[in-house]
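The values are calculated or read from the model by the stated rules, or taken from the named source; none is laboratory data. The structure displayed is predicted, hence computed values, not measured ones. As a convention, Cβ positions derive from the backbone with ideal geometry for all residues, glycine included, and neighbour counts pool all protein chains shown.
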Amino acid sequence: MSYATNLIEPRPAPPKVASRMSGSRIIGFIGLGLWILLAVALVYMMISNWDTDKFVKYGPRYLSGLWVTLTLVVVSITFGALLSIPIAFARMSKSRVLNVISYAYVYVFRGTPLLAQIYLIYYGFGSFKAQIESVHLWWFFREAWYCALLSMTLNTAAYQAEILRGAILSVPRGQSEGAMSLGLSPFVTFRKIILPQALIVALRPYGNEIILMVKGSAVVAVVTVLDLMGQTRYTFSRTFDYQAYLWAAVFYLTMVETMRHIWAWLEARLTRHLKR
């Protein structure tokens, strides 16, 4: 056995490279500083122009509108999730008829603005009052709240169907093949093997969709629904104070940030077994 007699001489560590302030970094710091100054200025204006009388008079309206917004979002997301399941399976179906119908539905509702859909449902169905009364559904389509709920449900169902379909297709085919080799039925395979993995993949897109619906719900104010934005428009029409919209922005930002943190906690909780 031979031993090395000449060892490699130790070498000093490479010199530490001093960080340089590049042009892009300087521009980034300047932009960040401007955003901070803007935020401070907005907070200062809101505090300095605080009007207790307006707060007492219109504050309850904001809370009422906030409740309407949350109700619309929660109910539409729930119904949309239920509706998205058959649509997603129809999109993956081998039946050409089901595939074409579901594709057309998703294509239309994802390709057109939510505002246009609300207009078509609220004002469009209102043009057929006699026909709708004949089937005893006028009680539904005459109310702006129900029309807004229907529009939001149909819209989010299209997006959720694509989220669910993509998540299911992302699960490797070997998972279902392994379940079949063990003699599991297709229903059990989907419920206990495919769906849990697909929902983890779809978790973040679902959170994004909920946040988009929270912000998109503001358009229902154009059909006289007194949600948060509807109450904001009412307040501004009485006071002509631009702070009415600033406070609405604060409410929306609070809802979005709260939802983001809740969803981040939920995602971390459900995926803790995947972390090393």
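Conditions tested, residue by residue: (1) under 29 Å from Val220 (Cβ atoms); (2) modelled with pLDDT of 90 or more; (3) surrounded by fewer than 10 Cβ atoms within 10 Å (Cβ to Cβ); (4) of a type in the set (D, E, K, R).
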| site | (1), (2), (3), (4) |
| --- | --- |
| Pro12 | no, no, yes, no |
| Ala18 | no, no, yes, no |
| Gly23 | no, no, yes, no |
| Ile47 | no, no, yes, no |
| Lys57 | yes, no, no, yes |
| Thr71 | yes, yes, no, no |
- Message: Between Val108, Val68, Val56, Val73, which is under 30 Å from Thr224 (Cβ atoms), assigned to a helix (DSSP H, G or I), aliphatic (A, V, I, L, M) and touching a Ser or Thr at 6+ places or on another chain (Cβ under 7 Å)?
- Response: Val73
- Message: Regarding the range 196-206, can at least one residue be identified that is outside any loop (DSSP other than H, G, I, E, B), surrounded by 15 or more Cβ atoms within 10 Å (Cβ to Cβ) and touching a Phe, Trp or Tyr at 6+ places or on another chain (Cβ under 6 Å)?
- Response: no
- Considering the range 193-240, residues that are among the polar types (S, T, N, Q) and within 30 Å of Ser176 (Cβ to Cβ), and then whichever is modelled with the lowest pLDDT, we arrive at Gln197
- Query: Could you count how many residues in the range 82-113 are aliphatic (A, V, I, L, M) and over 22 Å from the mean Cα position of the chain (by Cα)?
  - Reply: 7
- Query: Would you call Tyr122 in contact with a Cys (Cβ under 9 Å, 6 or more places away or on another chain), farther than 24 Å from Arg204 by Cβ and either buried (at least 19 other Cβ atoms within 10 Å of the Cβ) or without any contact (Cβ under 8 Å) to a residue 24 or more places away in the chain (or both)?
  - Reply: yes
- Task: Kindly list the number of the only condition in (1) within 17 Å of the chain's Cα centre (by Cα); (2) at pLDDT below 95 that fails for Phe79.
- Result: (2)
- Item | Residue list for the range 103-136, restricted to those being within 12 Å of Val220 (Cα to Cα) and hydroxyl-bearing (Ser, Thr, Tyr) | Tyr119, Tyr122
- Note on the structure: Checked Ala264, Ala244 against criteria (under 21 Å from the mean Cα position of the chain (by Cα) and either closer than 17 Å to Val56 by Cα or in a helix (DSSP H, G or I) (or both)); the one match is Ala264
- Message: Suppose the filter is of a type outside the set (Val, Ile, Thr) and touching a residue at least 12 places away in the same chain (Cβ under 8 Å); does Ala41 pass it?
- Response: no
- Query: So, in the range 134-191, of the ones that are among the β-branched types (Val, Ile, Thr), assigned to a helix (DSSP H, G or I) and surrounded by 18 or more Cβ atoms within 10 Å (Cβ to Cβ), which residue ends up nearest to the chain's Cα centre (by Cα)?
  - Reply: Thr156
